[in-house]
Amino acid sequence: MSGEGRNGLTYSDAGVDIDAGNLMVEKIKPAVRSTMRSGADGEIGGFGGLFDLKAAGFKDPILVAANDGVGTKLKIAIDANYHDTVGIDLVAMCVNDLVVQGAEPLFFLDYFATGKLDPDQGAAIVKGIAAGCVDAGCALIGGETAEMPGMYSAGDYDLAGFAVGAAERGQLLPSVAIAEGDVILGLASSGVHSNGFSLVRKIVEISGLGWDAPAPFAEGKGLGEALLTPTRIYVRQVLKAIRETGAIKALAHITGGGFPENIPRVLPKTLAAEIDLGAIAVPPVFSWLAKTGGVEPKEMLRTFNCGVGMIAVVAEADAEKAKASLEAEGESVFTLGRMVARQDGAQGTVYKGTLGL
């Protein structure tokens, strides 16, 4: 009877707890319900999420899709044991990429993978995702939770997000009307957002500070908490400005690669963005990172947003109108630069002035 006892293994013995997964689903249902909007009123748990474009008010829509993650900012959340806000980051990184194309975010799906599922931790993450969806006006219509022992170390997890939006045909951005002399407006960021955190973590290591130490750049906050400030979601504010003013010609989300990589993505090859670095009120976190890590301004500009989470291109005559609309929705907006003719062989982003680090 050498085979006795060898056929009694369960999935749980292999490290996967189906009951924990079911418990997490029950915990997150109220948060998911809070994200429902016109076009989406189903319950999670099916094999796929449904969305009715006609019910959402679209007549001849073009769909726009984006996906992203949170990067190594998750390591700070894991090490600091603070999981409430990374879900907001996940949504922000996707929906901000939709709105820069003039699209209204409609629905969102998440992928959460971990080595050992903790239903409370998972629920905290998904509640953050739901909060981001509510802010962006999109429905959380589905997701996947994967418990993968052996793939992830104890306590580790990863997140991916997938968002779909829509714009009526002919209303996508950028516009072909971008011209020399157009004004570039900067929209302030909420901090580091979700890019450059491998460098952030290296700098924190150099500083010798723990995640619970007082943040040198944010009074009353611990270092981990301050660095986990979620990425700002610009959707409602920007959509209102697009629809009410008709002034927005182009938008760029300042993510990985900073100014030099993201701004040229929405510009004609004949134009460059002249950025006045002196116009940026650089948040203290970036000054601390630059000083502590000895990071040069050029490297800061190609790694971080340095205080500018998004830019908008408008005609000079429309600049005040667009600025007023965005400010009425709570944005901090400033004139960041203007469009200039691009010289042969020149970069799509050129600078004047000095970054106030």
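A few notes on this one:
- Some residue of the range 285-300 being farther than 17 Å from G71 by Cα, touching a residue at least 24 places away in the same chain (Cβ under 8 Å), not in a helix (DSSP H, G or I) and not small (G, A, S): yes
- Number of the condition not met by T335 [criteria: (1) open to solvent by 50 Å² or more (accessible area, probe 1.4 Å); (2) assigned to a loop (DSSP other than H, G, I, E, B); (3) of a type in the set (S, T, N, Q)]: (2)
- Taking the criterion of being within 18 Å of G348 (Cβ to Cβ), of a type in the set (A, V, I, L, M) and open to solvent by 20 Å² or more (accessible area, probe 1.4 Å), the only residue of the range 266-292 that qualifies is V266.
- Tally, over the range 173-198, of residues that are closer than 21 Å to A103 by Cα, open to solvent by 30 Å² or more (accessible area, probe 1.4 Å) and hydrophobic (A, V, I, L, M, F, W, C): 2
- The residues of the range 113-122 that are aliphatic (A, V, I, L, M) and surrounded by fewer than 19 Cβ atoms within 10 Å (Cβ to Cβ) amount to a single one, A113.
- Residue identified as over 21 Å from P149 (Cβ atoms), of a type in the set (D, E, K, R), in contact (Cβ under 8 Å) with a residue 40 or more places away in the chain and not in a helix (DSSP H, G or I) among D97, D89, D84, D110: D84
- The range 50-81, subset touching a residue at least 60 places away in the same chain (Cβ under 8 Å) and of a type in the set (D, E, K, R), residue surrounded by the most Cβ atoms within 10 Å (Cβ to Cβ): K73
- For the range 142-166, the tally of residues that are surrounded by fewer than 15 Cβ atoms within 10 Å (Cβ to Cβ) and either free of Cβ contacts under 8 Å to residues at least 40 places away in the same chain or over 24 Å from N81 (Cβ atoms) (or both) stands at 4.
- Entry remark, the range 125-141: residues being open to solvent by 10 Å² or more (accessible area, probe 1.4 Å), in contact with a helix residue (DSSP H, G or I) (Cβ under 8 Å, 6 or more places away or on another chain) and either of a type outside the set (D, E, K, R) or within 15 Å of H83 (Cβ to Cβ) (or both) number 3 in total.
- In the range 261-284, of all residues being in a helix (DSSP H, G or I) and touching a residue at least 24 places away in the same chain (Cβ under 8 Å), the one that is farthest from the chain's Cα centre (by Cα) corresponds to G278.
- Flag if A341 is free of Cβ contacts under 8 Å to residues at least 40 places away in the same chain, among the small types (G, A, S) and exposed (fewer than 14 other Cβ atoms within 10 Å of the Cβ): no
- Residue that is surrounded by the fewest Cβ atoms within 10 Å (Cβ to Cβ) [pool: residues in the range 322-332 that are closer than 16 Å to V308 by Cα and in contact (Cβ under 8 Å) with a residue 24 or more places away in the chain]: G330
The values are calculated or read from the model by the stated rules, or taken from the named source; none is laboratory data. In this text the structure is predicted, and so the values were computed from the model without any measurement. Every residue, glycine as well, gets a Cβ built from its backbone with ideal geometry; the counts of neighbours run over all protein chains shown. Side chains included, ligands, DNA and RNA excluded: accessible areas come from the protein's heavy atoms. Shrake-Rupley method; radii C 1.70, N 1.55, O 1.52, S 1.80 Å.
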